[in-house]
Every structure is written in structure tokens, then in C-alpha cells.
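Everything on this sheet refers to the single structure shown next.
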Amino acid sequence: MFYSFFDPTYLLVIIGLIISMAASGYVNRTFRHYNAYRSQSGTTGTDAARFILSQSGINDVGVQKISGDLTDNYNGQTKILSLSEATADSTSVAAIGVAAHECGHAVQDHVNYWPMRLRTALVPITNIGSSLSLPLIIIGVLLSYNQTLIHIGILLFSLALLFQLVTLPVEFNASRRALQILSDGQVLTRDEVPMVRKVLVAAALTYVAAALSTFLQLLRLIILFGGNRDDN
């Protein structure tokens, strides 16, 4: 009877939320901390982006400023690298790190980095899976726990975890590529390189947290609905 009022598997959801919130809080604190450090070269985020693109032999990618805070992104279809207002004009070490990371994705696109291609291919499949998984599970439950529908729903939801796992090497590799170019150039001093590395590591932790959170949600679905039920 108590189980009907309190589902202990909600603890998995709570743990996932805590992990995500902790990672988000850490990256925000790290960015704010190193956002106070101005690069000795006076390089802005936009300058750093153009430097990395030039050093990588990339001439078909445009750089633009967009509104928002930490809304930076690279669009491989339009070949546009968008930097947020907090990044584009700032000369902070943190801004350079964020811009460099997004440039790392442009470099991956330029060299046909296969995990990035795989992630791009998984986007539509993952979107379909995310939209259909829970409805299929619910329908399966309503139809006297139809295990076929339930298992298909769980399988579709697992595509989200697969997408998160593929995302990890893509994000870490983008940071590594960008940091290497910045370290070899004249953009950062020897003391500034570790600062940028900390910003990039903090940002990468958000993707690790997202993967863990998705795993815990999948585990909850498996615990609740994955087994064969025999309710008499």
C-alpha cells in the first residue's frame, strides 16, 4: 500500500536532478571566476574563434554574435559559428575558452570527425524515440502490461542514452583540439592555458551529468516496467 503513495524509484530521478544541478552550478561558478581574468593579449572571443579557424585552414565558416548568455553554438549545416554576447566581445579567459570549444566543433566538421557525424545522424532518431517512448510504455501498461509495447518504448528511450554517450567524445575532443591550437599560438600565455582548461573541463562535466541523469531515468523505467509482471 505504501508503495502506491511513494515510489522509491523516484530517488533515481532526484539523484539525476542533483547531479545535473551540481554540474550546472559548477560550470557557472567556474565561468564567472575565470570571466574576471582578462587575457594579456587582449584577444576577444571572436578574435580567438577567427584565429582557430584560420590556423585550421577553415575558410567557409562564418562567425556571428547572437543574443543570450552562453548560447554559443556551431551549426554544421549553415557553417555558422554563433557566439553569445557574453563571449563574442569579451577578452576574458573564460570567453576565449567557450569560443575555442565551439571552434573545436567546426574543426571536427572540417576533418569529418566520425563521432560527430554519428551524433548528427542520431539526432532525428533520438527525437523520434524520445517522443514515442513514454506513450508506448503507457499504452503498454494500459493494455494489461503488454510487454512488447513496453520493451519497444524502453528501447526507444535508450536511444537518448546512446546519444548522450556519443556526445561525450565529441565534446571532449572539441575542447582538446581548440586548446591545442590556442596553446601553440600567441593567444594565451603559459599561465592562461590551465585557466582555459578548467573552463573547458567544467563545461564537459555538464555532458557527463546529462548522460548519468539519462541513465538513471532509463534504469527507473527498466525497474518499473522492464520485467515480466504477473499481477493476479
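The values are calculated or read from the model by the stated rules, or taken from the named source; none is laboratory data. All values derive from a computational prediction rather than experimental measurement. Positions of Cβ are generated from backbone atoms using ideal geometry, with glycine treated the same way; all protein chains shown enter the neighbour counts. Please note that ligands, DNA and RNA were not included when accessible areas were found on the heavy atoms of the full protein model with its side chains. Shrake-Rupley method; radii C 1.70, N 1.55, O 1.52, S 1.80 Å.
A few points about this structure:
- Residue match in the stretch 213-231 (condition: charged (D, E, K, R) and within 28 Å of ASP72 (Cα to Cα)): no
Quick grid of which residues meet (1) open to solvent by less than 80 Å² (accessible area, probe 1.4 Å); (2) more than 21 Å from ALA204 (Cα to Cα); (3) over 20 Å from the mean Cα position of the chain (by Cα); (4) of a type outside the set (D, E, K, R):
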| residue | (1), (2), (3), (4) |
| --- | --- |
| LEU12 | yes, yes, yes, yes |
| ILE19 | yes, no, no, yes |
| ARG29 | no, no, no, no |
| HIS33 | no, no, yes, yes |
| THR44 | yes, yes, yes, yes |
| SER56 | yes, yes, yes, yes |
| ASP60 | no, yes, yes, no |
| GLY76 | yes, no, no, yes |
| LEU81 | yes, no, no, yes |
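- Pairs where the first residue, in the stretch 48-74, is within 17 Å of ALA174 (Cα to Cα) and the second is part of a loop (DSSP other than H, G, I, E, B), C-beta under 7 Å, 6+ apart: ALA48/VAL187; PHE51/GLY185; PHE51/VAL187; LEU53/VAL61; GLN55/GLY185; VAL61/LYS79
- Test for PRO169: is it in contact with a Pro (Cβ under 8 Å, 6 or more places away or on another chain), open to solvent by 40 Å² or more (accessible area, probe 1.4 Å) and not basic (Lys, Arg): yes
- Complete set of residues in the stretch 188-213 that are in contact with an Asp or Glu (Cβ under 8 Å, 6 or more places away or on another chain) and open to solvent by less than 20 Å² (accessible area, probe 1.4 Å): ALA204
- Residue match in the stretch 196-209 (condition: without any contact (Cβ under 8 Å) to a residue 60 or more places away in the chain and in a loop (DSSP other than H, G, I, E, B)): no
- Each residue in the stretch 114-127 was checked for being of a type outside the set (A, V, I, L, M), over 29 Å from PRO194 (Cβ atoms) and either open to solvent by less than 40 Å² (accessible area, probe 1.4 Å) or not in a helix (DSSP H, G or I) (or both), and 1 of them qualify.
- Evaluated against (1) of a type outside the set (Lys, Arg); (2) more than 25 Å from ARG190 (Cα to Cα); (3) under 21 Å from the mean Cα position of the chain (by Cα), ALA49 falls short on exactly one condition, (2).
A quick yes/no check of all residues on (1) farther than 18 Å from HIS105 by Cβ; (2) polar (S, T, N, Q); (3) out of contact with any Lys or Arg (no Cβ under 8 Å at 6 or more places or on another chain); (4) at pLDDT 90 or above:
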position	(1), (2), (3), (4)
ILE125	yes, no, yes, yes
ILE150	yes, no, yes, yes
LEU161	yes, no, yes, yes
LEU168	no, no, yes, yes
ARG176	no, no, yes, yes
ARG190	yes, no, yes, no
VAL196	no, no, yes, yes
ALA204	no, no, yes, no
ASN228	yes, yes, yes, no
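- Of the numbered criteria (1) open to solvent by 60 Å² or more (accessible area, probe 1.4 Å); (2) closer than 20 Å to VAL201 by Cβ; (3) within 20 Å of the chain's Cα centre (by Cα), the one ILE96 fails is (1).
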